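The structure appears right after this line, and notes come after that.
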Amino acid sequence: MCGIFGYIGRRKAAGIVIGGLKRLEYRGYDSFGIATKNDTLHISKKSGRISDGGSGTAGLPGTIGIGHTRWATHGIPNDLNAHPHLDCTGKIAVVHNGIIENYAELRRNLTARGHTFSSDTDTEVIAHLVEEQYAGDLAAAVRAALPLLEGSYAILVAAEGDDRIVAARMASPLVIGVGDREFFCASDVTPLIDHTRRVIYLEDGDCAVLSPSEYTITHDDRTVLRPVEEVDWDIQDARKGGFAHYMEKEIFEQPQVFYNTVQSVREAPDTLTHLLMSRTGILIVACGSSYHAGLLCKYLIETYCGIPVRVEMGSEFKYYTPPLHDPVIGITQSGETADTLTALKMAKAWGCPTIAITNVVGSSVTRIADATIYTRAGPEISVAATKSFMAQLAAVLQIAGSLSDDCTLEEELDRVNIMIEDALTIPIDDAVVLCTQAQSIFFIGRGLYYPVALEGALKMKEISYIHAEGYAAGELKHGPFALLSPDTPVVALAMPGKTYPVMISNIKEIKARGAPVIGIGTVGDRELPEIADIFIPLSPLHEVAGIAMVSVILQRLAYHVADALGCDIDKPRNLAKSVTVE
Amino acid sequence: MEPVTECILLAAGEGKRMRSLTTNRPKVMIPLVNRPMLEHLISAAKEAGIRRFILVVGYGEQAVREYFGDGSALGVEIDYVVQRHQLGTADALRSAEGLVSGNFLMMNGDMILGSDEIRALCEMQVPALAVSETEHPEDYGVVVLDGDRVVNLEEKSKDPKSRMINAGAYLFTPEIFERIEAIGLSRRGEYELTDALMDYINEGMLSALTLHTWMDVGYPWDILAAHELLLTDLERDIAGTVEEGAVIKGAVVIGEGTTIRSGSYIEGPCIIGKDCVVGPHAYIRPKTAIGDSCHIGHAVEIKNSVILHGTKIPHFNYIGDSVIGSGCNFGAGTKIANLRHDYGIVQVGGIMTGRKKFGAVIGDDVLFGINCSVNTGSSIGSGCRIAPHSFVEGVYDDETIVSR
Amino acid sequence: MQAVILAGGEGWRLRPLTKNRPKALIPVGNHPLIDYCIEALLKAGIRDIIVVAGYRREQVIRHLNTLDHEVRVVVQEKQLGSAHALACAAPLIHETTLVLSGDNYVDAASIDKMGTEGNAIMVSGSLSPSHYGVVRVQDGIVTDFFEKPDEKGPCLVSSGLYLFTPEVISSIREADLPDLLIRMIADGIPVRAVRDGEWYDAIHAWDLLGQNRHLLQMNESVRSGTISRLVTISGRVSIGSGTTIGPGCCITGPVRIGDGITIGPNVVIGPDVSIGNRVTIEPFSVLENSIIMDDVRIGSHSRVVDSIIGEGAGIADHLSTITTEGVFPLGENEAKLLHRGTFGAIIGERVSLESSVVLKGCILGNNCRVQSGRRLEGVIPDGSQVI
């Protein structure tokens, strides 16, 4: 959930490490820190964002450096808890991404043996463990310390008196970049591309020792060869241009993203559809917005293809699910979501075929799953998922379309991009004003629009910090009705279809309890404008376009409400883009 | 003074003007006389006393690394640095900071320059800049000289003040790195070498060496001109098998494993690579270079053309004044025209080639059906598929399909 | 040198084509007009480019983000006029600045002619100055400036290309650039008049056709996609990637065809046609002197001549456009004025036409739906249902 970056070579390390961390900032931005080494270690760490305070540390000397940008798991985000962490002697520095599950026990034992801790983090135990094992050889010390750790980690260790970086991974991502008389390590490929195309993906249990001229990788104390792979993609230009926020920019990229994803999934090999079609059921695991895309996938495949589908949250999957045989689809934008990865690994162990739907080429999930479907959203910088959700929607629609006998769905998909264009320009000012004053907002829908309502509520709460709940419209009266008041606007998704008449009666019930209603419906609807306080008319050509259009309207609603409230839209408090801890 | 032994070679560019020939290789790896352009330059520099090269690579870097390795095959030492974003010459130079120990050469990798002139540049008073006289100064950065001192540099302009142009070869001291750093990013967001040079010029310090053997290779038709130049010194060397009844005239090089079958007629200067099969009854005319593992079959005529490795031109074909990529296959009877009926200068994609006779530029892995006609001045992208009996003219992007 | 491109104006005379975009984003020759401005500036060596966006600013920004060259964007929150728009960019300006209108075509040579010092305005001769500002010039210096005069006859008009010093830009209090010029003349600040540049402005939607013809002259002919060998192509024709052209099609340049398009078999296109991306043109249709925007479908046996078809329009078979000269009321309510133009049809976005519709000099508003067999002329407002 944090990002780590290391450099060893012939150039000044500090600037390179800071540059690398900036590219990893989406993984966390509570605090950051770097350690560089010439004859001695030089440490600089700060709470806050690297993009705000990073330039101040670029002057540190040395051609070896490790750095970290943090999303707090243990200990509040402050200067003290920022990485790198040091041992008692101050000569060993560690940066770490992951969670050491037995850290409390380790810490007790280490304290008993006389070690002094200066932070609340789980990471610091690693520094002290390495210190205990250190007898002149850093690599040996790290290798000896690793078996004592339980949990997940990707670590980089540097020490005074040793011209090497030691890197190790277990259930957290770590990639090595191979340069010319220089090496890089990072949590993902993005910051490496600035320097080299040649990368080595470490595997769980690997420990790598890097010097400016060579590297060795060991696994269970045996030297192993990991292939050097050529990364053939460019960092797409992630400039914000004139948009106020990346989120706004990304919302506006959605027509193209939808079109590109449909086209690329359509060209995916038929084996994938055969795999899904021949089965009696499908299971989908995902978290957050991807989970909502999974729910939509369930409705679509069940409706259009008649195959039963289950959707599980990645974080709950491992506690309840009995062994399966059906194919398991993992949906994760980053490809690094820890819970989804764990679920896919379990499924694989049971012998299920596994399929990943992800946006990031070469990410961990693509190495686990048997097959990968890429969404073509391009890099998403804003923490709130918008275009990546749209791309997932496009992907699941196209999968449903190719599984279905009826080819009308596929034909309809070709026109959805222009419908999204429309949704980008429909005025929603009144709805924004109403929501800005709210303490709490309900989003309701039925059928296909239930997951859309969930996603709308998620967007609202994560960036505007207004309490928002998505409900299946029929469920509202089983409890939440008690919360309705004139201060709790309800966003009701009443698009045409068989759910429309019941939605209208639900809305009337809500109106009767005095809650203002923002009705999202279709042009030409006579009834909805009469009962809703604010009516947002859309003109979708068909049902699937309706899902995309309503999703866009709800994203824009959340965006403009958050903007009006002065929230930090691209980097909401307490959140990180991809959650690589369970 | 210590002799100059280190050279930075700029080899990071894609070479968009070379279009389909750079789909699968960077510009500096395009072969001239069956060896990459860059190898000619490295060999010449080695002869001039350079022992250590720093190649600044970027686009298609893997191909460069694989071919040259650590340089031991060429008897030199080669290091690489990567320039990821094409932010100008000075930025490329910056990426090599810390890798040179004394005065050093810096050269563009996409030109032809003889070893004598490289040596002369090494012996100049540092800093120095190589210049060349041209008929078309409007296409280049122009250098204004006063004797052997540079007094001004001008960007490309329609109305150049001099016929001397910047040839893209320099002699620098490591002090240049500080100067570039001191100048910082320009408003274009680039490190401008020109700015650093202007400092030297204002101090009256920049000397100029006028070159005579220099040639830059910018467009595909420059490849033909380069061959016309490089093939003049060719010496006859026949390593392959020549069947009885084949005629080999003049300076012809035939590689190992190549068979020239009976009835073929080959006029030098002309080079044919390894493991080719030529003929029977092929006619290969002067100034032609054929790469390794090519097949030039029965009743095929090839004139003043460059054909890269692995291309098959097997039956009843005519290829004139053309550059053909690697791995192509010509269907029986497919021909390339090379002369306009009005005898006008041939254009490719609206750009004048300066040649009355020019055929086509054809990328890698292009497949032609039988009896296709390729009109003069065509440019066909890599991976194109051309249906039988097609008439092809104009510019085709990579992977275009001409269907039935 | 810096440059400011004013791209904030809607260009209401071009409705219905400006529903979702300002005039500067209307595609002509398959590129938004603003692209030509940026290209000309880059060619003239000006790289510090600032774009002022206003109306539908998101669309402008989104488009600019797709370009190779990075430009800076300033937002004009309210469309208070061209000088006000320029003043919005004032904090970013520190040298002599070229000011262009994002919806006019101008070439690099004209930009060069403006020079780099002081203040200047590009002027050109006109026989019908009624839509422009008229400039009086003496010894190369502007002596008088007045807007949209009643008088007819040859005179010099402003072409919307200016050069201003940073001092002038920081002094702007006026709403419109003509007012600024009038003040500069009154204050004795010399404004050079630069003549004989190449520029082109589309006032009405139908003028875009002329502009399209003009810009297609510069068309590069690069082919891509899958093209049948039985297609006859002559002149400058460019074809984008992923496009399929079936046998029997006849394409006469200049024609520019975008990406992901399906055409034919047996479709006749050109000359002077631009076709956007993801368009489908079914067999036996004829297109000439027209602009077809993205995501349009044209059914079989249609005849589209001297026409513009907006994004996402779905047209069934047998559409016929008939070119005619007409007088069209444009503008809002009382401000409606009559404008004269000659064209076939101008069809807004997302219009849906059923089979066998005939459009004779017709401006069909956005989202209109027309039932089969109708024959329409004149201006049909947005959202109309013709049954």
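Listed peptides A:497-506, C:299-308, A:542-551 appear in the order A:542-551, C:299-308, A:497-506 once ranked by packing, highest mean of other Cβ atoms within 10 Å at the front. For segment A:394-531, with equal point scatterers placed on the C-alpha atoms only and solvent neglected, what are the log10 I(q)/I(0) values from the Debye formula at q = 0.20, 0.21 1/Å, to two decimals? The computed values of log10 I(q)/I(0) come out as -1.27, -1.35.
Multiplying the residue separation of residue C:384 and residue C:108 by 0.36 nm and subtracting their alpha-carbon distance yields 95.1 nm. The modelled label-to-label distance between residue C:234 and residue A:231, using points 7 Å beyond Cα along the C-beta direction, is 5.3 nm. With the convex hull drawn over the C-alpha atoms of segment B:229-402, the volume per residue is 94 Å³.
Computed as a quarter of the hull surface, the mean projected area of the alpha carbon convex hull for the protein assembly as shown stands at 56.6 nm².
What order do you get for A:223, C:116, C:226 when you list them from fewest to most C-beta neighbours inside 10 Å? Walk me through the numbers before you get to the answer.
Details: A:223 8, C:116 12, C:226 18.
Ascending number of Cβ neighbours within 10 Å: A:223, C:116, C:226.
The loop-placed trypsin sites (Lys or Arg not before Pro) in segment C:154-241, going by DSSP, that have at most 14 neighbouring Cβ atoms within 10 Å of their Cβ come out as C:173.
Could you tell me which helices of chain B pass both thresholds, a Cα extent of 30 Å or more along their own axis and a mean Kyte-Doolittle hydropathy of at least -1.0, with helices taken as whole DSSP H runs? Can you show the working numbers first?
Numbers: long enough: none.
Qualifying helices: none.
Helical content of chain B, expressed as a calculated mean residue ellipticity at 222 nm, amounts to -4500 deg cm²/dmol (DSSP H runs of 4 or more residues, -39,500 (n - 2.57) each, divided by residue number, nearest 500).
Return the percentage of antiparallel bridges among DSSP beta bridges fully within segment C:219-386, rounded to the nearest 5 %.
Taking every DSSP beta bridge with both residues in segment C:219-386, the antiparallel ones total about 10 percent.
By the count of neighbouring beta-carbon atoms within 10 Å, fewest first, C:43, A:249 end up ordered C:43, A:249.
Checking the cross-link filter: which lysines have an alpha carbon closer than 19 Å to that of residue A:12, excluding same-chain neighbours under 8 positions apart? Here the lysines satisfying the reach criterion relative to residue A:12 are A:22, A:37, A:45. Across chain C, C-alpha contacts under 8 Å between residues 6 or more apart give a mean separation that, scaled by the residue count, equals a relative contact order of 11 percent.
Once you order the gyration tensor axes a ≥ b ≥ c over the Cα atoms, which shape class does segment B:1-106 get: rounded for a/c under 1.5, otherwise prolate or oblate by comparing a/b with b/c? Oblate, because a/c is 1.5 or more while a/b does not exceed b/c. Axis of helix A:288-305 versus longest Cα principal axis of chain A: the two differ by about 50°, to the nearest ten degrees. In terms of distances greater than 24 angstrom between alpha carbons, the cross-link table entries B:27/B:158; B:16/C:23; A:477/A:511 yield B:27/B:158; B:16/C:23. Between residue C:77 and residue A:505, the simple spin-label model (points 7 angstrom out along Cα→Cβ) gives 4.8 nm.
Rounded, prolate or oblate for segment A:241-414? Axes are the square roots of the Cα gyration tensor eigenvalues, ordered a ≥ b ≥ c, and the cut-off for rounded is a/c under 1.5. Could the numbers behind the result be given before it?
Values: a/c = 1.90, a/b = 1.24, b/c = 1.53.
Oblate.
Between helix A:103-112 and chain A there is an angle of about 30 degrees, using the helix long axis and the longest principal axis of the Cα atoms.
At a Förster radius of 56 Å, what calculated FRET efficiency corresponds to the Cβ-Cβ distance of residue C:250 and residue A:38, to the nearest 0.05? Numbers along the way, then the final one.
Values: r = 72 Å, r/R0 = 1.29.
Calculated value: 0.20.
Is the C-alpha gyration tensor of segment C:317-387 telling us rounded, prolate or oblate? Criteria: a/c under 1.5 is rounded; beyond that, a/b larger than b/c is prolate, otherwise oblate. It is oblate, given that a/c is not under 1.5 and a/b is not larger than b/c. Looking at A:314, A:276, A:396, which one has the Cα that reaches farthest to the positive end of the dipole of segment A:241-414 (charges on Cβ: Lys, Arg +1; Asp, Glu -1)? It is A:314.
Would you tell me the mean number of C-beta atoms belonging to other protein chains that fall within 10 Å of each C-beta in C:74-84, as a whole number? Intermediate values should be presented prior to the final figure.
Values: counts 1, 3, 0, 0, 0, 0, 0, 0, 0, 0, 0.
What the average comes to for C:74-84 is 0.
The angle separating the long axis of helix A:124-133 from the principal Cα axis of greatest extent in chain A is about 30 degrees.
What's the average, rounded to a whole number, of partner chain beta-carbon atoms within 10 Å of each residue's beta-carbon in C:348-356?
On the way: counts 0, 3, 7, 0, 1, 0, 0, 0, 0.
For peptide C:348-356, the averaged partner shielding equals 1.
Only Lys, Arg, Asp and Glu carry charge here, each on its Cβ (+1 for the first two, -1 for the last two); on that basis segment A:3-230 has a dipole of about 600 debye about its Cα centre.
With a cut-off of 16 Å on the backbone N, the residues of segment C:352-369 near the modelled label site 7 Å out from residue A:426 along Cα-Cβ are C:367. Cross-link reach is defined here as a Cα-Cα straight distance under 18 Å, omitting same-chain residues fewer than 8 places apart; for residue B:287 the aspartates and glutamates meeting it are B:222, B:228, B:233, B:235, B:237, B:267, B:301, B:321.
Considering only DSSP beta bridges whose two residues both sit in chain A, what percent are antiparallel, to the nearest 5? Taking every DSSP beta bridge within chain A, about 65 percent pair in antiparallel fashion.
In this Cβ point-charge picture (+1 for Lys and Arg, -1 for Asp and Glu), segment C:219-386 has a dipole of about 360 debye about its Cα centre. Estimated from the Cβ-Cβ distance and a Förster radius of 51 angstrom, the FRET efficiency linking residue B:162 and residue A:218 is about 0.25.
Relative to one another, the C-alpha centroids of segment A:536-562 and segment A:332-386 are positioned 26 Å apart.
Roughly how many whole Å is it from the C-alpha centroid of segment A:201-217 to that of segment B:217-277? With segment A:201-217 and segment B:217-277 each reduced to a Cα centre, they are spaced 49 Å.
Antiparallel versus total DSSP beta bridges in segment C:2-203: what percent is that, nearest 5? Please report the intermediate quantities before stating the final value.
Values: 23 of 44 bridges.
Among the beta bridges of segment C:2-203, antiparallel pairing accounts for roughly 50 percent.
Per-residue mean of other chain beta-carbon atoms within 10 angstrom of the beta-carbon, peptide B:393-400? Let's see the in-between values first.
Values: counts 4, 9, 6, 7, 8, 2, 5, 9.
Mean shielding by partner chains, rounded to a whole number: 6.
Which of A:318/A:345; A:249/A:571; A:571/C:78; A:318/A:348; B:274/B:312; B:303/B:357 have a Cα-Cα distance over 19 Å? With Cα atoms farther than 19 Å apart: A:571/C:78.
Sorted by packing (mean other beta-carbon atoms within 10 Å per residue), highest first, where do C:282-289, B:23-30 land? Could the numbers behind the result be given before it?
Working: C:282-289: 20.2, B:23-30: 23.4.
Averaged packing, sorted descending, gives the order B:23-30, C:282-289.
For segment A:3-230, the relative contact order comes to 20 percent (Cα pairs under 8 Å, sequence separation of at least 6).
If R0 equals 56 Å, the separation of the Cβ atoms of residue A:345 and residue B:51 corresponds to a calculated FRET efficiency of about 0.60. Across segment C:189-291, the mean sequence separation of Cα contacts (distance under 8 Å, 6 or more residues apart), normalised by length, yields a relative contact order of 20 percent. Look at the dipole of segment C:273-387 built from charges on Cβ: of C:296, C:284, C:381, the Cα furthest out on the positive end belongs to C:284.
Give me the mean projected area, in nm² to one decimal, of the convex hull enclosing the Cα positions of chain C. Present the calculation step by step, with values, prior to reporting the outcome.
Values: hull surface 73.5 nm².
For chain C, averaging the hull's shadow over all directions gives 18.4 nm².
Send over the per residue convex hull volume for segment B:6-218, Cα only, as a whole number of Å³. Could the numbers behind the result be given before it?
Working: hull volume 26.3 nm³, N = 213.
Taking only Cα atoms, segment B:6-218 has a hull volume of 123 Å³ per residue.
To make sure I understand, if each residue's beta carbon is the centre and we count other beta carbons within 10 Å, what order do C:249, A:435 fall in, fewest to most?
Working: C:249 21, A:435 26.
Final ranking by Cβ density, sparse to dense: C:249, A:435.
Each Lys and Arg Cβ is given +1 and each Asp and Glu Cβ -1; about its Cα centre, the protein assembly as shown then shows a dipole of about 2120 debye.
Please list the equivalent ellipsoid semi-axes of segment C:219-386, computed as the square roots of five times the alpha-carbon gyration tensor eigenvalues, in descending order and whole angstrom.
Values: eigenvalues 166, 50, 37 Å².
Semi-axes, largest first: 29, 16, 14 Å.
Values quoted throughout were computed directly from the atomic coordinates according to the rules given, and no laboratory measurement underlies them. As the structure is a computational prediction, the values presented were derived from the model and not from experiment. So basically every Cβ, Gly included, is an ideal-geometry build from the backbone, and we count neighbours across all protein chains shown.
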